[in-house]
Amino acid sequence: MSRAAGRSLRGPDPTPSRTAGPAARAGARPADDDDAAGDDRADSPESPIRDASGRLDERSKRIIEQLQEDGRRSYAAIARAVGLSEAATRLRIQRMIDERIVQIVAVTRAEAVGFRRQAMLGVRVEGEIRSVAEKLTELPEAEYVVVCAGQYDLLVELICEDDEHLLEVIDNGVRAIPGVRTTETFVYLRLEKESYLWGTR
C-alpha cells in the first residue's frame with residue numbers, strides 16, 4: 001500500500017531518436033502515406049482517446065503498457081511499438097496526463113531518501129467525513145488518503161522521518177483536525193511488495 005515519498009514529474013524522453021534511420025526502422029511495419037495521414041487524423045486535437053463506450057481505446061492502453069515497462073522510453077520507441085506516428089503518440093500521452101489518466105513520476109524507496117517510519121492510520125470521524133478528508137490531504141506527511149467503508153471512515157498513510165516525527169504528526173496534525181474522533185495506528189515493520197504495474201483492461 002505504500003506510496004513512496006519524494007516523487008518528481010517526468011515524462012518520456014522528448015529527445016528525438018537518433019537511430020530511427022532506414023536500418024533502425026527495418027523491423028517496424030512499413031507505413032505508406034495513407035497510413036501516416038490516417039494516424040495523424042485519428043489523433044487530431046478534436047479526436048478523443050476513448051472508444052465509443054467511453055473507455056480508453058486499445059492504442060491508448062498499449063501506450064500505457066509501454067510506459068509501465070519504462071517511464072523514460074522515448075516517444076519514437078513508443079510510437080513504433082503501437083503503430084502511430086511520433087507526433088500522434090506525443091499528443092495522446094499529453095492528453096492522458098492532462099486528463100489525469102496517467103502520471104509519469106520517479107518512484108523512490110521512502111527509507112532511501114530519509115523517511116524511515118511509515119504507518120497507516122485508521123480514522124473514525126464525527127460529522128462530515130469529506131471535510132476531514134480534505135484537511136488530511138493538506139498534511140505534507142499524508143501520502144495516501146481514502147474514504148472507506150468498514151470500521152474506519154478514513155485510511156491515511158503517513159511517511160515520516162522517525163517515530164518522533166510520526167508522533168508529532170498524529171498528535172498535532174491528525175488529531176487536531178475538528179471531527180477526528182479516534183485513530184488507530186498500524187506501523188509498517190517491513191515492506192514485502194510495492195507495485196504500480198496493474199494492467200489495462
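Any read-out appearing in this document is the output of simple, stated calculations on the displayed coordinates, not a laboratory observation. Predicted, not measured: the structure shown is a model, and the values here were computed from it. Virtual Cβ from ideal backbone geometry, glycine too; neighbours counted across all protein chains shown.
Stokes-Einstein diffusion coefficient for segment 111-187 at 37 °C in a medium of 0.692 mPa s, Rh from the Kirkwood formula over Cα pairs: what value in µm²/s? My calculation gives 266 µm²/s for D. Counted over all Cα-Cα pairs of segment 146-196, pairs farther apart than 11 Å make up 76 percent. Among M120, V146, V174, flag the residue with its Cα farthest along the positive direction of the charge dipole of segment 111-187, charges on Cβ as +1 for Lys/Arg and -1 for Asp/Glu. The Cα lying farthest towards the positive end belongs to V146.
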